[in-house]
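One structure is given below, encoded as structure tokens.
The values are calculated or read from the model by the stated rules, or taken from the named source; none is laboratory data. All figures in this text were calculated on a predicted structure; none of them were measured in a lab. Note: ideal-geometry Cβ built from the backbone for every residue, glycine included; neighbour counts use all protein chains shown.
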Amino acid sequence: MIHDTTIEQVYLAQRATDLRKSIDGLAAIVKEEFDLNPFSSSLFVFYNRSRDKVKILVWDHNGFWLYYHRLEKGTFNWPSEKDRIPLSVTRRQLRWLLDGLPLHQKQTHREVKARIIVYYWLGKKGYDESWRIYSNMKKMTKQTPLSP
């Protein structure tokens, strides 16, 4: 199973690959053609010439996983073929490709980097005490408070 937290990088093959290859053949492509370590915490994504099949190779702590996806109708919107150097993309871009979308989206929601939760609580002393606590939290996090 692909564990999102352990994946550091996603590499897309930019040329079609013979998907009759299995784990050893794809790992050899990663090592010899891409000049990358197949045992790294990365996803290596390959597609066939007709762009309707994808294989994803990933190393787990004690062996390889090989995922295979075949579209029953349609094709993947793969970037144009350029060279043997793999294209580095984000996991989000990979999800777009697998969902049939182009790699570069013109209008997407930006990733939210904020990791603060505002907790509003009416303490034992009531509204005034809670507002004081909230105001102090706002000063510490430099965020604009919502109107009480």
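So here's what we get for this one:
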item	result
Unmet criterion (only one of (1) of a type in the set (Lys, Arg); (2) touching a residue at least 12 places away in the same chain (Cβ under 8 Å); (3) surrounded by fewer than 19 Cβ atoms within 10 Å (Cβ to Cβ)) for Lys31	(2)
Region 42-66, residues that are more than 20 Å from Leu103 (Cα to Cα) and either assigned to a strand (DSSP E or B) or at pLDDT 90 or above (or both)	Val58, Trp59, Asp60, Gly63, Phe64, Trp65, Leu66
Yes/no for Ser41 being farther than 14 Å from Thr17 by Cα, of a type outside the set (Asp, Glu) and in contact with a helix residue (DSSP H, G or I) (Cβ under 9 Å, 6 or more places away or on another chain)	yes
Test result for Arg51, under 18 Å from the mean Cα position of the chain (by Cα) and of a type in the set (D, E, K, R)	no
Some residue of region 79-96 being within 19 Å of Asp18 (Cα to Cα), touching a strand residue (DSSP E or B) at 6+ places or on another chain (Cβ under 9 Å) and free of Cβ contacts under 8 Å to residues at least 60 places away in the same chain	no
Restricting region 54-73 to residues that are loosely packed, with under 13 Cβ neighbours inside 10 Å and among the basic types (Lys, Arg), the residue that is nearest to Ser41 (Cα to Cα)	Arg70
